1. Can you name every one of the helices (runs of 4 or more DSSP H) wholly within the range 1-93 that holds 1 or more residues which are modelled with pLDDT of 90 or more, under 11 Å from the mean Cα position of the chain (by Cα) and within 14 Å of the ligand (Cβ to nearest atom)?
2. Across the range 94-127, what is the total count of residues that are in a loop (DSSP other than H, G, I, E, B), more than 11 Å from the ligand (Cβ to nearest atom) and either in contact with a Phe, Trp or Tyr (Cβ under 9 Å, 6 or more places away or on another chain) or among the basic types (Lys, Arg) (or both)?
3. Only residues that are modelled with pLDDT of 95 or more, in contact with a helix residue (DSSP H, G or I) (Cβ under 9 Å, 6 or more places away or on another chain) and of a type in the set (Gly, Ala, Ser): list them for the range 94-127, please.
Amino acid sequence: MKRLLRNLRLTYLFISHDLAVVYHISDFAGVMYLGRLVEWADTKKLFNQPKHPYTQMLLDAIPDLKFSGRPRTPVAGEVPSPITPPPGCSFHPRCPYATARCKTELPLPIISQSSQVACHAVEEQRL
Ligand code: SF4
């Protein structure tokens, strides 16, 4: 796939649950939760400096010493139904940083030059 990408000057949209493959194949990566993009960034930046709590927890679950060094927080709780997602931030029932605001207000993406993240804690600089 990388050879085809180079030789034919293609652009891929590659969807996977295997984060190690995503790391090796992508220039940019996005993380989705219940159908919403919660974080998007240059792949190396996203893996080395994840901002969204869900991204941090996903990366903590990779058994790779290269991405360790932070305290590990496993993704707890059950995935809610995408048909009746929780109000506000749909990750709030599983998020250790959730506040009352998270339960009622959908976080909008904070867009910078090379990334975007949708999280009240990031916006409030609690993370
Ligand atoms: S918006 Fe709130 S609940 Fe959602 S990820 Fe950020 S801190 Fe957690």
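The values are calculated or read from the model by the stated rules, or taken from the named source; none is laboratory data. From a predicted model like this one, the values you see are computed outputs, not experimental measurements. Here the Cβ is made from the backbone with ideal geometry for all residues, glycine too, and neighbour counts use every protein chain on show.
1. So the answer is 53-60.
2. 2
3. Listed by number, the residues that qualify are Ala98, Ala121.
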